[in-house]
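Notes follow once the structure below has been shown.
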Amino acid sequence: MKITITPLLIILSLSTNLFAQDSDYSQIEKTVSYYLDGGTNNDFETLKKAFHPEAKMKYIRGENYTEVNALEFFQKAIKPGPKQNRTSIVEQINIAGNAAHARLRIDYPSFYFIDYMNLLKINGEWKVVNKIFYRKSKTSNK
C-alpha cells in the first residue's frame, strides 16, 4: 500500500504545531505577567500565580552564591504600598516542548534587573521553576 502525503495534510500538520507553539507562547507571557504585575503593584497574591511552590531563586550577593525558595523570598520582600516606579518588558521567550525560558528586563530610575526565568509546563500550566537575575546600576552621563 502506498501512502501519499498531500500538501494540504502537510499544511494542516504545520499549522497545528504553530498554533500549539503560539498558545504556549501566550500562556508563558501570561505567567511572567503575573510576576511582573505582582511586583509592580506590590501584590504577592498575583505574583505567586507565576511560580511553582518549590521554585528557586538563585543569585550572587557580593561574591557569594545564594539560593532561596522564590515564594518565601517574595512573601517577605513584597509589602503593600504604592505602585513601584518601574517599567518592564518580556524581551525573549524560547520554548522546547514542555520547557521554556523567558528573559525579562525591569527598569527602575537608577538601576535595572535582567531576569532569566525557567518554566515548565506542569499539568497543562506554565510555571516558573527557577529564576536567576542580574542587577545593574545605571550610570549618569553628567
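In terms of the Cα gyration tensor, with a ≥ b ≥ c the square roots of its eigenvalues, is region 7-137 rounded because a/c is under 1.5, prolate because a/b exceeds b/c, or oblate? The shape class here is prolate.
Using R0 = 22 Å, the C-beta based FRET efficiency linking GLU54 and ASN94 works out to 0.45. Note on region 22-89: lysine pairs with Cα distance below 14 Å, sequence gap of 8 or more or different chains, count 5. A full extension of the chain between GLU72 and ASP107 corresponds to an added length of 10.3 nm, given 0.36 nm per residue minus the alpha carbon distance. The aspartates and glutamates within cross-link reach of LYS136, meaning a Cα-to-Cα straight distance under 19 Å and a gap of 8 or more places when in the same chain, are GLU63, GLU91, ASP107, ASP115. Length, then width, then depth: along the principal axes, the Cα atoms of region 63-142 run 50, 31, 28 Å.
Values quoted throughout were computed directly from the atomic coordinates according to the rules given, and no laboratory measurement underlies them. This is a predicted model, so every value here is computed, not measured. We place every Cβ from the backbone using ideal geometry, glycine too, and count neighbours over all the protein chains shown.
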